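Since every read-out is calculated from the coordinates, none of them should be taken as a lab result. Computed from a predicted structure; not experimentally measured. Here the Cβ is made from the backbone with ideal geometry for all residues, glycine too, and neighbour counts use every protein chain on show.
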Amino acid sequence: MAKHDRTAVTLAGCWSHVRRKFYELHAAGSSTIASQTVMHMALLWASRRPSAARTRQRIAARQEKSAAILVALFKLWEKELPKASGKSKPAEAIRYALGRRAALERFLVDGRIELDSNAVECAIRPQTITRKNSLFAGSDGGGRTWATIATLLATAKMNQVDPHAWLTQTLERIANGWPNSDIDALMPWNYQS
C-alpha cells in the first residue's frame, strides 16, 4: 500500500448523503428507482468492516464486496437517468450521485476513508449545537483558536482517546521541548498513555 501524504487533501464522498435523497423518495413510495437504490445501498453498509481494520485487508474486502455493489448502482443510475423527467426528484438524486462518482468510489482504494461521514457529523454536533454560545471568541483569531481546540478534542474522541488525558500529555510534552519535526507523534491517533 502506498504511503499517504497527510498534507494532501482528497475529497471523499458520503454515501449517507446520497442515500438520503433516494430514501425520501422510497419512503414516500414515489419512485421504483429510489427503492431499488435503497436496497442496493443497504448491501454497502452490511458489507463494511469495522473502522479499526485500516489495513490492506479492509481494502481487499471492499474490492471484493463493495466494488460490485457500486458497479451495479452506477449502471442502474446511468440506465434510468435518460428515462426520468429532467426536473424530477429521482433525476435530481441520480445526477447528485453520478456527479460525485469519483469521490464516492474513493473509499474502495483508501482504507482510511469511511463509507459515510456519520462519525464526523456526530463528533461535531456538540460544537454545532453550541455555536451561539461560542460567540465569546470576540475576534477572528479567537474564533480560529476555538475551532482548532474543538477540532483537536473531537479528533481525540473519534480515535477513542480521552481528550483530557491526551491534551494534558501533549501540552506537557510541548512545554518540555518536544521537537517540531516529530509533531505527528503528538496527534490523537498516535496517543499512548
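Listed values, structure above:
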item: Burial ordering of H17, H164, fewest other beta-carbon atoms within 10 Å first; result: H164, H17
item: Burial ordering of F22, F74, fewest other beta-carbon atoms within 10 Å first; result: F74, F22
item: Stokes-Einstein translational diffusion, segment 15-108 - Kirkwood Rh over all Cα pairs, 1.306 mPa s, 10 °C, in µm²/s; result: 115 µm²/s
item: Shape category assigned to segment 140-189 from the gyration tensor of Cα positions, a/c cut at 1.5; result: oblate
item: Length gained when the stretch A175-K65 is fully extended (0.36 nm per residue, less Cα-Cα span); result: 34.8 nm
item: For segment 21-26, Karplus couplings with θ = phi - 60° (6.51, -1.76, 1.60), whole Hz, Gly/Pro x; result: 5, 6, 5, 4, 5, 4
